[in-house]
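Let me begin by presenting the structure, written as structure tokens, before commenting on it.
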Amino acid sequence: MDTEHTRLNLLLNHEIVNVVTAIRQTARSSMKQDDVRGEPSRYDEALRLLRADIFKQKSWRDVDPMLYLKPLLLLIKTPDISGPVTGAAAVALQHILRSDLITLQTVNAEASINQVVEDATQCRFESTYNPDDNRQHHSKDELVLLNIIQVLTTAVECQAGILINDEVLCKAFQASFMLGDPVTKPKEYGEIIGVYSRQACGRMVRLLFGRLANVSANSEAAAMSPDQLRSQCCHGVKAAADVLDFLVGLLAVKDSNGLAASVQSHEGSEAALLFAFEMVHLGVLPHPATTV
């Protein structure tokens, strides 16, 4: 067994252990508070079985990534999971996406990376309520959402990110924005999530338009159409157009009757407008071709 395969085995094992630990710690805390949860019985077993299968694999390129992604994604999109467990699953996903477990040659890589984004945009978790420390409660929930934004960004940036299709990439961008939207985010949350959200959106815009420039350059060099280059990148002009359309929609501030309204009449809309202008400007700037 080569060193790289061993490294990936140990990485995946480590991430599963971290998530299982979070589940058990939450279960112990819930028992002390007489809060009955089904987390250990419903999810712990699936992760333990997965852990037992890790060291049986010969080559991760021949393994469907959903084998190890599905239990983690379930913890992210299931509404009765506590914040700490959702956060642990999100961190595990980030580390997996940054590794070489999912490459362009991996079986079912395209469907898997798109599923990661789809499920991350559907994140639901139980609020980490602490009656003795309301401020800490909101900080913990905010941290979980920061990790979800990071999952979306990492999915787009990772090697398999070029396999994300137009529609799903646009969902990743919109979700990253909405989680930090100054107009809709809970007033108890601080400014950090808004700043982080805008940074994540900026990184996605740079990647999207950089990859679009790369597809265009390759098409001209090889005298091929963008459709023929789809195997190199699964998103392009449509995703760029949808993202720009979303941003332009932010610029069109409307009142409850759908009529144009002044910016000053909407709390926080100035920040949203500034964000939209910055992203549009970033999108229309000349972009050097990036490595897809």
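Points worth noting:
- Just one of the numbered conditions (1) at pLDDT below 80; (2) farther than 19 Å from Gln199 by Cα is not true of Cys233: (1).
- Scanning the stretch 66-85 for residues that are under 23 Å from Thr3 (Cα atoms) and surrounded by 24 or more Cβ atoms within 10 Å (Cβ to Cβ) turns up just one, Tyr68.
- Residues of the stretch 166-191 satisfying the condition of being part of a loop (DSSP other than H, G, I, E, B) and within 14 Å of the chain's Cα centre (by Cα): Gly180
- The C-beta contact set for the stretch 55-71 (first residue under 11 Å from Leu101 (Cβ atoms), second residue in a loop (DSSP other than H, G, I, E, B) and hydroxyl-bearing (Ser, Thr, Tyr), distance under 9 angstrom, 6+ apart or interchain) comprises Trp60/Thr103; Trp60/Thr106; Arg61/Thr103; Arg61/Thr106; Val63/Thr106; Pro65/Thr106.
- Matching entry among Ala88, Ala109, Ala52 (being surrounded by 22 or more Cβ atoms within 10 Å (Cβ to Cβ), among the small types (Gly, Ala, Ser) and modelled with pLDDT of 90 or more): Ala88
- If the condition is being buried (at least 19 other Cβ atoms within 10 Å of the Cβ) and among the charged types (D, E, K, R), then the stretch 199-213 contributes only Arg211.
- Counting the residues of the stretch 147-168 that are touching a Lys or Arg at 6+ places or on another chain (Cβ under 7 Å) and closer than 15 Å to Gly180 by Cα gives 1.
- Pair list, Cβ under 8 Å, 6 or more apart: the stretch 1-16 residue within 13 Å of Lys56 (Cβ to Cβ), other residue polar (S, T, N, Q): His5/Ser59; Asn9/Gln57
- Taken together, the residues in the stretch 154-191 that are over 25 Å from Thr103 (Cα atoms), among the small types (Gly, Ala, Ser) and surrounded by 19 or more Cβ atoms within 10 Å (Cβ to Cβ) amount to 1.
- Filter result for Val63 (of a type in the set (A, V, I, L, M), in the same structural domain as Arg7 (by TED's automatic domain parsing) and over 18 Å from the mean Cα position of the chain (by Cα)): yes
The values are calculated or read from the model by the stated rules, or taken from the named source; none is laboratory data. What you see is a predicted model, and the numbers here were worked out from it, not measured in a lab. Quick reminder, even Gly has a Cβ in these numbers, built from the backbone with ideal geometry, and neighbours come from all protein chains shown.
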